[in-house]
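The next block holds one structure in the form of structure tokens; read it before the comments.
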Amino acid sequence: MPPVCTETSPEISPKPPHHVGIIMDGNGRWAKAQGKGRIEGHKKGAEIARDIVGWAQNQGIKQLSLYAFSTENWNRPKLEVRGLMSLLAILLPKSLPSMMQQNVRFRVLGDISPLPRGAKKAVEQACQQTISNDGIDLILCLNYGGQQEILAAVKAIVQQTINATSPQQALAALDLASLRNAMWCRDIAPVDLLIRTGGETRLSNFHLWDAAYAELYFTDVLWPNFSALHLQHAIDDYQARERRYGLTSEQLQAIDQKHD
Ligand code: FPP
């Protein structure tokens, strides 16, 4: 069995990834190349974020998480931050009918408490209205940071340990599963395929814990140019990989034969 991840099992994977996480990079460069302002890039990026839900469903993906706003993005120019928040407040309510029609459950990963009122309300409304849908989870990562997620979990665990009648026992019971259980991602599957558009090859604080065994896929395509075909290429690439989780190929084949 894999040494660390509790919800994964070794497999050679012709199946589609269950959870795809995407770092939607390149909106600013796309806008610049068109002689437009950065917000226009984000607007176009939001259109692709809307469209990819259907493409992902067609591919059999069950959870799709999109990195829309990181904990570090607050440091961007005020106008850009305001523009991104307005996009959320305006576009989310507009997307609700199609989310209902597509059976999309909208969810959030991150701390939305500091979001401006309009954006927060739009997010809460979308979560509430789509809560019973079960076609695909669209998880918007908002004011999200992987390090912050881990820190929040550690703080919760330390608090539980302090409150426990036997702190020693509580500490001894701490393992990878109980730590993950304290994280925001506790009821979301680990990331199978992590895609980053825009040509950079880094994680930028996205899903640090849950991408431990993710397959990484980097493409130069700028997010506003990303299409159903690009998603298909990423999935084809994923399906051609052998997910070994620290085992050898031979061990995997033996496991596979046992399951045949
Ligand atoms: C990174 O591109 C993109 C972001 C920081 C924001 C992503 C947001 C969207 C795609 C819009 C989503 C909005 C809604 C309402 C869901 P960048 O700006 O860093 O691009 P650059 O590297 O070319 O400058």
With contacts defined as alpha carbon pairs under 8 Å and 6 or more residues apart, what's the relative contact order of region 90-231 in percent?
21 percent
Got the relative contact order for region 157-260 handy, in percent, Cα pairs under 8 Å and 6 or more residues apart?
20 percent
For the chain, what is the relative contact order in percent, using Cα pairs closer than 8 Å and at least 6 residues apart in sequence?
30 percent
Treating only the Cβ atoms of Lys and Arg (+1) and Asp and Glu (-1) as charged, compute the dipole magnitude of region 92-135 about its Cα centre; round to the nearest 20 debye.
160 debye
Quick one: which residues, 5+ away or cross-chain, put their amide H under 5 Å from the amide H of residue 137? H built at 1.01 Å from N.
63, 64, 105
In Å, what Rg and Dmax follow from the Cα atoms of the chain?
19.4, 63
What list of ³J(HN,Hα) values in whole Hz, one per residue of region 38-50 in order, does the Karplus curve 6.51 cos²θ - 1.76 cosθ + 1.60 (θ = phi - 60°) give from phi, with Gly and Pro shown as x?
4, 5, 4, x, 5, 4, 5, x, 5, 4, 5, 4, 5
Accessible area of region 185-256 with a 1.4 Å probe: how many percent of it is carbon plus sulfur?
47 percent
Given a 1.4 angstrom probe, what's the average accessible area per residue across the chain, in square angstrom?
51 Å²
Based on the Cβ-Cβ distance from residue 29 to residue 166, what FRET efficiency comes out when R0 is 51 Å, to the nearest 0.05?
0.40
Whole-Hz ³J(HN,Hα) from phi, Karplus 6.51 cos²θ - 1.76 cosθ + 1.60, for region 236-250, glycine and proline x
4, 4, 4, 6, 8, 8, 9, 8, 9, 6, x, 8, 9, 4, 5
Simple spin-label estimate for residue 82/residue 18, 7 Å along Cα→Cβ, in nm, reads 4.4 nm
Across the chain, qualifying lysine pairs (alpha carbons under 16 Å, at least 8 places apart or different chains) come out at 8
Along region 113-124, what does the Karplus equation 6.51 cos²θ - 1.76 cosθ + 1.60 (θ = phi - 60°) give for ³J(HN,Hα), rounded to whole Hz, x for Gly and Pro?
4, x, 5, x, 3, x, 5, 4, 5, 4, 5, 4
Please compute the length gained on full extension between residue 151 and residue 101, using 0.36 nm multiplied by the number of residues separating them and subtracting their Cα-Cα distance.
14.3 nm
Total charge dipole magnitude, the chain, about the Cα centre, Cβ charges on Lys, Arg, Asp, Glu only, Debye to nearest 20:
1200 debye
Evaluate the charge dipole of region 209-259 about its Cα centre and quote only its size in Debye, nearest 20, assuming +1 on the Cβ of each Lys and Arg and -1 on the Cβ of each Asp and Glu.
140 debye
At R0 = 45 Å, how high is the FRET efficiency between residue 225 and residue 257 if r is their beta carbon distance? Nearest 0.05 is fine.
0.60
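Calculate the FRET efficiency for residue 240 and residue 47 from the Cβ-Cβ distance with a Förster distance of 30 Å, rounded to the nearest 0.05.
Working: r = 30 Å, r/R0 = 0.99.
The pair residue 240/residue 47 has a calculated efficiency of 0.50.
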Whole Å is fine, so just give me how far the alpha carbon centre of region 234-250 lies from that of region 8-87.
25 Å
P(r) weight above 16 Å for region 130-178, C-alpha pairs, percent:
58 percent
Among 170, 245, 110, whose Cα projects farthest towards the positive end of the dipole of the chain, with charges put on the beta-carbon of Lys, Arg (+1) and Asp, Glu (-1)?
110
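The values are calculated or read from the model by the stated rules, or taken from the named source; none is laboratory data. The shown structure was predicted, so the numbers you read here are calculated from the model rather than taken from an experiment. Note that each Cβ is placed from the backbone with ideal geometry, even for glycine, and that neighbours are counted across all protein chains shown. Surface accessibility is based on the protein's heavy atoms, side chains included, excluding ligands, DNA and RNA. Shrake-Rupley method; radii C 1.70, N 1.55, O 1.52, S 1.80 Å.
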